[in-house]
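Visitor: Please see the structure below; I have some questions.
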Amino acid sequence: MPTIVFASPKGGVGKSTAAVLLATELAGFGAGISMIDADPNKPLSRWAKRPGRPAVLEVISDVTEDSIIDVIEEAALKTPFVIVDLEGTASMMVGYAMSRADLVIIPVQGSHLDATEATKAIKLVRAQERVFKRTIPYTILFTRTSVAIRTRTFQSIEDEFAENQIPMLRTHLHERDAYRALFAFGGALSGLDPEQVSNIAAAIANARLFADEVVKTLKPKKAAVAKAEEVA
Ligand SMILES: Nc1ncnc2c1ncn2[C@@H]1O[C@H](COP(=O)(O)OP(=O)(O)OP(=O)(O)O)[C@@H](O)[C@H]1O
Ligand SMILES: [Mg+2]
């Protein structure tokens, strides 16, 4: 049932990559997944056409600004997880998708420019909260960070988010060859060929930690909502 929406007005920050990593990890546990490809460039549909897509994972690509809410709601009735990938822009479509999210994940690369764009995404989440009169949980996901080095720029961005009490996932999706290769070859990380792609095991471990943390982030929120409904 949870709907997870990947959003950022900045292009190329790793939304589609993170969406596919989360979906394929969750699919690995046998969970049914609907992925909604709400980007007119259709990155997920192209990925799904390549071999290796897990059978429990369906990509829905026929979606417009007018239909996005219905498509999300329908998918949420059918599969345990719904994952929405959006275009790198601020549009009505993005706002509508956020309005149905149990978690909005905002990927950020380690630059100040990215951090500013992430702040715009957070403002959009807050605007949707007011319009739709509901709390929309969100979190920052750092992407393409170095495994080895923690840059000063990155540290200052993290400090600034922390000061402003902006939630951040502890797990980063590091810069990894295997994450690029997913879109070239299709399927999940476990299906990649070690002859062609380096360090697959580390990429799998990283993606697993990411998926685990997302699931843990969803759980207490669901429990809190259920409790609030019980009291009401
Ligand atoms: N963790 C990562 N390691 C290595 N390459 C990455 C990683 N994340 C993203 N990339 C690469 O960066 C590029 C942009 O990533 P992606 O398409 O996921 O971003 P996006 O936010 O979905 O972009 P858009 O806004 O255009 O939809 C792609 O070439 C992708 O392979
Ligand atoms: Mg994308």
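Visitor: In region 126-139, what residues are open to solvent by less than 10 Å² (accessible area, probe 1.4 Å) and touching a Pro at 6+ places or on another chain (Cβ under 9 Å)? Even if it seems obvious, please write down each step before you answer.
Guide: At the first step, the residues of region 126-139 found to be open to solvent by less than 10 Å² (accessible area, probe 1.4 Å) are 136, 139.
Correct list: T139 only.
Visitor: When you look at E160, is it of a type outside the set (G, A, S) and at pLDDT 95 or above, yes or no?
Guide: Spelling it out, it is not the case that E160 is of a type outside the set (G, A, S) and at pLDDT 95 or above.
Visitor: Let me ask something additional. Anything in region 84-93 that is over 13 Å from A127 (Cα atoms) and away from ligand 2 (no atom under 12 Å from the Cβ)? List them, or say none.
Guide: M93
Visitor: Separate question: Could you identify the single residue in T24, T17 that is within 11 Å of ligand 2 (Cβ to nearest atom), within 15 Å of the chain's Cα centre (by Cα) and among the polar types (S, T, N, Q)?
Guide: After applying the criteria, what remains is T17.
Visitor: Which of the residues spanning region 19-46 are closer than 20 Å to K120 by Cβ and buried (at least 24 other Cβ atoms within 10 Å of the Cβ)?
Guide: The answer is A19, A38.
Visitor: For region 29-39, which positions are of a type outside the set (D, E) and touching an Asp or Glu at 6+ places or on another chain (Cβ under 6 Å)?
Guide: S34
Visitor: What about T119, is it open to solvent by 30 Å² or more (accessible area, probe 1.4 Å), more than 16 Å from ligand 2 (Cβ to nearest atom) and of a type in the set (S, T, Y)? Spell out the reasoning first.
Guide: Values: open to solvent by 30 Å² or more (accessible area, probe 1.4 Å): yes; more than 16 Å from ligand 2 (Cβ to nearest atom): yes; of a type in the set (S, T, Y): yes.
It is true that T119 is open to solvent by 30 Å² or more (accessible area, probe 1.4 Å), more than 16 Å from ligand 2 (Cβ to nearest atom) and of a type in the set (S, T, Y).
Visitor: What number of residues within region 156-184 satisfy the criterion of being away from ligand 2 (no atom under 16 Å from the Cβ), part of a helix (DSSP H, G or I) and more than 15 Å from I204 (Cβ to Cβ)?
Guide: The total comes to 8.
Visitor: Has region 84-91 got any residue that is at negative phi, of a type outside the set (G, A, S) and more than 10 Å from ligand 1 (Cβ to nearest atom)?
Guide: Yes, region 84-91 contains at least one residue that is at negative phi, of a type outside the set (G, A, S) and more than 10 Å from ligand 1 (Cβ to nearest atom).
Visitor: Restricting attention to region 166-177, report how many residues are aliphatic (A, V, I, L, M) and either modelled with pLDDT under 95 or within 14 Å of L22 (Cα to Cα) (or both). Write out each step before concluding.
Guide: In the first step, residues of region 166-177 are kept if they are aliphatic (A, V, I, L, M); the result is 166, 168-169, 173.
Still in the list and also either modelled with pLDDT under 95 or within 14 Å of L22 (Cα to Cα) (or both): 169, 173.
Of the residues in region 166-177, 2 are aliphatic (A, V, I, L, M) and either modelled with pLDDT under 95 or within 14 Å of L22 (Cα to Cα) (or both).
Visitor: Can you pull out the residues in region 146-166 that are out of contact with any His (no Cβ under 6 Å at 6 or more places or on another chain) and either aromatic (F, W, Y) or more than 21 Å from L113 (Cβ to Cβ) (or both)?
Guide: Residues satisfying the conditions are A148, F154, F161, Q165.
Residues checked against (1) crowded, with 17+ Cβ neighbours inside 10 Å; (2) touching a residue at least 12 places away in the same chain (Cβ under 8 Å); (3) within 16 Å of ligand 2 (Cβ to nearest atom):
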| residue | (1), (2), (3) |
| --- | --- |
| A48 | yes, yes, yes |
| L57 | yes, yes, no |
| I60 | yes, yes, yes |
| S67 | no, no, no |
| V82 | yes, yes, no |
| G95 | yes, yes, no |
| D102 | yes, yes, no |
| G110 | yes, yes, no |
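Visitor: Further question: Does I149 satisfy the condition of being surrounded by 13 or more Cβ atoms within 10 Å (Cβ to Cβ) and assigned to a loop (DSSP other than H, G, I, E, B)?
Guide: Answer is no for this residue.
The values are calculated or read from the model by the stated rules, or taken from the named source; none is laboratory data. Predicted, not measured: the structure shown is a model, and the values here were computed from it. Note: ideal-geometry Cβ built from the backbone for every residue, glycine included; neighbour counts use all protein chains shown. All accessible areas refer to the heavy atoms of the entire protein, side chains included, with ligands and DNA or RNA removed. Shrake-Rupley method; radii C 1.70, N 1.55, O 1.52, S 1.80 Å.
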